[in-house]
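Only one structure is covered here, and it is reproduced in the block below.
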Amino acid sequence: MRTMLIFRQLFDPQSSTYTYLLGDGRSREAVLIDPVFEQVGRDAALASELDLKLVATLETHVHADHVTGAWLLKRRLGSATLLSAAGGAEGGDRYLAHGDRVKFGARYLETRATPGHTLGCVTYVLDDESMAFTGDCLLIRGSGRTDFQQGDPRAMYRSVRSQILTLPPACLLYPAHDYRGLTVTSVAEERRFNPRLGGDIGESDFVGYMSNLGLTHPKLIDIAVPANLRCGRPEKDAALPEEPGWAPLTFTFAGIWEIQPDALEEHAADIQIVDVREPDEYHGSLGRIHDARLIPLGTLAERAGELERNRPVVAVCRSGARSAQASVLLQRAGFNNVANLAGGMLRWRAEGHPVDGGQA
């Protein structure tokens with residue numbers, strides 16, 4: 001009799017990435033598939049709350065749209081880093097080939113090589129074939145792209161048809177991404193309804209389809225791919241930052257803390273909010289956060305002394321880019337409790353948080 005499986009599906013809204021936690025109910029050993037760097041705090045907290053010991057992180061491939069949390073989780077929890085031998089990444093603790101098993105307690109995942117999106121893509125199949133984790137190879141009613149990182153539409157077609165759609169019809173399929181809010185599918189559904197790979201679609205049909213998508217490259221590809229080829233290790237192997245206690249924050253691969261709009265509104269009374277936009281923007285159509293102090297980015301270094309050093313500081317701009325730079329400047333100026341507002345005023349307004357001024 002198999003021990004109970006603990007299973008959680010987690011989501012990163014910035015990259016639309018799904019992370020999967022699987023644990024053995026008796027031994028409490030667990031694995032985490034496709035962790036995201038900025039979500040390491042969340043994932044570690046969940047494992048702790050569920051009384052799970054994270055023994056390994058698994059990658060379905062070298063991602064181009066986010067940085068893996070494997071290195072950071074290894075530093076924090078001691079988990080081993082596992083990934084495909086064909087992916088070309090360095091710094092892994094175990095390199096997997098087709099047919100290799102990854103054990104957690106009495107349960108295991110079988111590795112199936114499914115190249116096509118990248119050369120090193122793999123699918124992880126649960127021991128009883130009730131679940132499979134397909135990475136970017138097979139998506140819900142779609143597939144991953146094949147136009148970079150040694151992508152090959154013919155290889156993808158053969159991978160899906162021979163390694164995934166041959167699983168039992170009731171096997172649930174969990175992808176690494178979804179951009180429409182869909183969470184799970186099944187082998188039977190994809191055999192019947194996938195417009196790229198299901199039904200009687202042939203290899204030449206699929207190749208023609210994929211060769212004419214005309215997609216732009218992922219925004220973070222120049223950052224994510226080199227970092228993921230190091231298993232998420234920063235170029236400078238810095239010490240782990242201490243978790244701030246003044247608000248719930250996330251640590252980004254860029255080395256700065258971010259605060260979400262909900263958290264800033266909740267803790268605003270205890271925080272110095274510094275708006276680093278130009279005056280015309282501060283008084284412009286997006287409005288401003290109540291009690292936010294205007295200090296344009298170009299003057300921040302010389303005016304940092306106007307801020308109290310014993311109170312946390314949150315930097316704000318239009319989109320979060322200039323305020324990220326402001327966070328770095330303030331850290332260099334000796335401020336220890338600094339965070340960047342994720343998404344800036346664009347996200348603040350879009351989520352319906354209160355503003356002074358601005359246009360409806």
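Summarising the strand pairing of the range 1-128, around 65 percent of its internal DSSP beta bridges are antiparallel.
Provide the percentage of antiparallel DSSP beta bridges, counting only those with both residues in the chain; round to the nearest 5.
55 percent
Would you please calculate the Kirkwood hydrodynamic radius of the range 238-287 over all C-alpha pairs and express it in Å, rounded to one decimal?
13.1 Å
For the range 294-360, GluC sites (Glu not before Pro) meeting the loop criterion (DSSP other than H, G, I, E, B) and having at most 12 other Cβ atoms within 10 Å: 308, 351.
Run the numbers for residue 4 and residue 351: contour at 0.36 nm per residue of separation, minus the present Cα-Cα distance, in nm.
Extra length available between residue 4 and residue 351 comes to 121.0 nm.
The smallest convex shape that holds all Cα atoms of the range 189-322, its convex hull, gives 232 Å³ per residue. For the range 138-199, the convex hull drawn through the C-alpha positions has a volume of 85 cubic angstrom per residue.
I'd like the distance between the alpha-carbon centres of the range 266-288 and the range 38-90, rounded to an integer number of Å. Distance between centres, Cα-based: 36 Å. Residue 140 sits among other residues whose Cβ lies under 11 Å from its own Cβ, and their net charge, with Lys and Arg +1 and Asp and Glu -1, is -1.
Surface composition of the range 217-360: carbon plus sulfur atoms hold 49% of the accessible area, using a 1.4 angstrom probe and ignoring ligands, DNA and RNA. For the chain, lysine pairs with C-alpha atoms less than 27 angstrom apart, excluding pairs fewer than eight positions apart on the same chain, total 6.
Among 37, 251, 193, which one shows the biggest mean-square fluctuation in a GNM of the chain, springs joining Cα atoms closer than 10 Å? Sorting by GNM fluctuation, first place goes to 193.
Taking semi-axes √(5λ) of the Cα gyration tensor in Å as calculated from this structure, the corresponding entry among [x] 41, 24, 18; [y] 56, 22, 17; [z] 30, 23, 20 is [x]. Given Cα pairs under 8 Å that are at least 6 residues apart, what percent is the relative contact order of the chain? In percent, rounded to a whole number, it is 12. Label zone (residue 48, point 7 Å along Cα-to-C-beta; backbone nitrogen cut-off 17 Å) within the range 245-279: 245-251. Based on Cα contacts under 8 Å between residues 6+ apart, the range 99-253 shows a relative contact order of 17 percent.
Ligands, DNA and RNA aside, residue 231 has an accessible area near 10 Å² when probed at 1.4 Å.
Taking label positions 7 Å along the Cα-Cβ direction at both residue 216 and residue 266, the computed distance is 3.4 nm, reported to one decimal. Were the residues from residue 209 through residue 246 laid out at 0.36 nm apart, the gain over their Cα-Cα distance would be 8.2 nm. Computed with a 1.4 Å probe over protein heavy atoms only, the accessible surface of the chain comes to 45 Å² per residue. The HN-Hα couplings worked out from phi for the range 97-102 by the Karplus form 6.51 cos²θ - 1.76 cosθ + 1.60 (θ = phi - 60°) are 10, 4, x, 5, 10, 10 Hz, whole numbers, x standing for Gly and Pro.
Bridges between two residues of the range 215-360, per DSSP, are antiparallel at a rate of about 25%.
Of the trypsin sites (Lys or Arg not before Pro) in the range 238-324, not one is in a loop by DSSP (not H, G, I, E or B) with at most 10 other beta carbons within 10 Å. Here the calculated FRET efficiency for residue 283 and residue 321, from their Cβ-Cβ distance with R0 = 25 Å, stands at 0.80, rounded to the nearest 0.05. Taking 248, 175, 13 in turn, the Gaussian network model of the chain (Cα-Cα springs below 10 Å) assigns the largest fluctuation to 13.
In what sequence, largest accessible area first, do 223, 201, 289 appear using a 1.4 Å probe?
From most accessible down to least: 223, 201, 289.
The 1.4 Å probe gives accessible areas that order 95, 20, largest first, as 95, 20.
Hey, any idea what % of the range 56-198's accessible area is carbon plus sulfur with a 1.4 Å probe?
Carbon and sulfur together cover 51 percent of it.
The values are calculated or read from the model by the stated rules, or taken from the named source; none is laboratory data. All figures in this text were calculated on a predicted structure; none of them were measured in a lab. Positions of Cβ are backbone-derived with ideal geometry, glycine not excepted, and every protein chain shown enters the neighbour counts. Just so you know, the surface numbers come from the protein's heavy atoms only, side chains and all, with ligands and any DNA or RNA stripped out. Shrake-Rupley method; radii C 1.70, N 1.55, O 1.52, S 1.80 Å.
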